[in-house]
1. How would you rank SER94, SER55, SER61, going from fewest to most other Cβ atoms within 10 Å of each one's own Cβ?
2. Mind putting together the pair-distance distribution for the chain? All Cα pairs, 10 Å bins, whole percent per bin, short to long.
3. Quick one: length gained pulling ALA57 to LEU28 fully straight, 0.36 nm per residue minus the C-alpha distance?
4. Would you order TYR201, TYR101, TYR144 from fewest to most other beta-carbon atoms within 10 Å of each residue's own beta-carbon?
5. Neighbour counts of other C-beta atoms within 10 Å: give me VAL54, VAL116 arranged from fewest to most.
6. Given axes a ≥ b ≥ c from the Cα gyration tensor, I'd like to know whether the stretch 52-135 is rounded (a/c under 1.5), prolate (a/b larger than b/c) or oblate.
7. Would you please give the FRET efficiency between GLU127 and THR177, computed as 1/(1 + (r/R0)^6) with r the Cβ-Cβ distance and R0 = 35 Å, to the nearest 0.05?
8. Given the C-alpha centroids of the stretch 25-67 and the stretch 92-138, what is the distance between them in whole angstrom?
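Read the figures in this text as sums done on the coordinates, not as results from a lab. The structure presented is a predicted model; accordingly, all values stated were derived computationally and were not measured. Counting neighbours? That spans all protein chains shown, and the Cβs are built from the backbone with ideal geometry, glycine included.
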Amino acid sequence: MTPTALFQLLLGLAAAVPLLLMAAESPLRSQCGTGEIRQEGACVLSLAGTQVVVSSAGSGSLNSLTVRVVGTSANVSEEVDGVAYRAQIADLDSDQRPEVYVAIASAGSGSYGSLVAYVVNDDLTLERIVLPELGEDQAVSDGYMGHDDFAVEETSLVRRFPLYLPGDVNAQPSGGTRNVVYQLEKSGGQWRLTRTRISDY
């Protein structure tokens with residue numbers, strides 16, 4: 001091993017030590033809520049031996065979100081529009097590579113939802129999962145005015161929101177509820193959540 005490679009390895013190990021200590025002190029779980037996500041090191045997700053720390057910071061409508069794989073220097077940080085209210089780890093496609101799903105609710109009366117998601121690859125790097133924009137699918141977006149809820153349910157990701165009829169005000173939707181079910185697949189070299197079912201009730 002060259003001196004440069006050794007130095008980079010030591011840097012990676014040094015960056016991982018605080019995360020290992022936080023993970024050792026935190027209970028392992030498959031999901032956590034806003035309180036844990038907002039507290040650095042409190043949201044430690046675990047599946048099949050892989051541990052991921054999810055944290056968010058900020059006080060306004062724009063906040064930072066960081067996803068880190070414990071035991072490595074792999075991490076991603078990005079700015080999100082809203083508050084992270086749920087983080088889950090799952091393996092929707094049963095390929096032994098966990099995914100991390102973080103649900104975001106925007107500020108304001110609409111509480112428009114968004115999703116940040118990653119696959120943990122075999123080399124423990126993080127690869128983005130794409131969720132198509134709601135407006136790209138009229139069958140899904142008709143009647144939509146926000147107030148989404150994202151959740152992993154068994155082997156699917158479910159997006160649930162109230163339906164608004166013409167004339168409805170923001171606080172009083174009258175069209176029922178829509179469930180949109182997505183499956184994870186790799187298409188064109190990219191991980192995507194593909195809609196498989198819509199149900200209204």
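1. Details: SER94 8, SER55 22, SER61 12.
The order, fewest Cβ neighbours first, is SER94, SER61, SER55.
2. Values per bin, smallest distances first: 8, 32, 33, 18, 6, 2, 0.
3. On the way: separation 29, 0.36 × 29 = 10.44 nm, distance 2.11 nm.
Going from the current span to full extension adds 8.3 nm.
4. On the way: TYR201 7, TYR101 25, TYR144 21.
Lowest to highest Cβ neighbour count: TYR201, TYR144, TYR101.
5. Details: VAL54 25, VAL116 21.
Taking fewest neighbouring Cβ atoms as first place, the list is VAL116, VAL54.
6. Since a/c reaches 1.5 but b/c is at least a/b, the shape of the stretch 52-135 is classed as oblate.
7. Details: r = 32 Å, r/R0 = 0.92.
Between GLU127 and THR177 the formula returns 0.65.
8. Each part reduced to its Cα centre gives a spacing of 15 Å.
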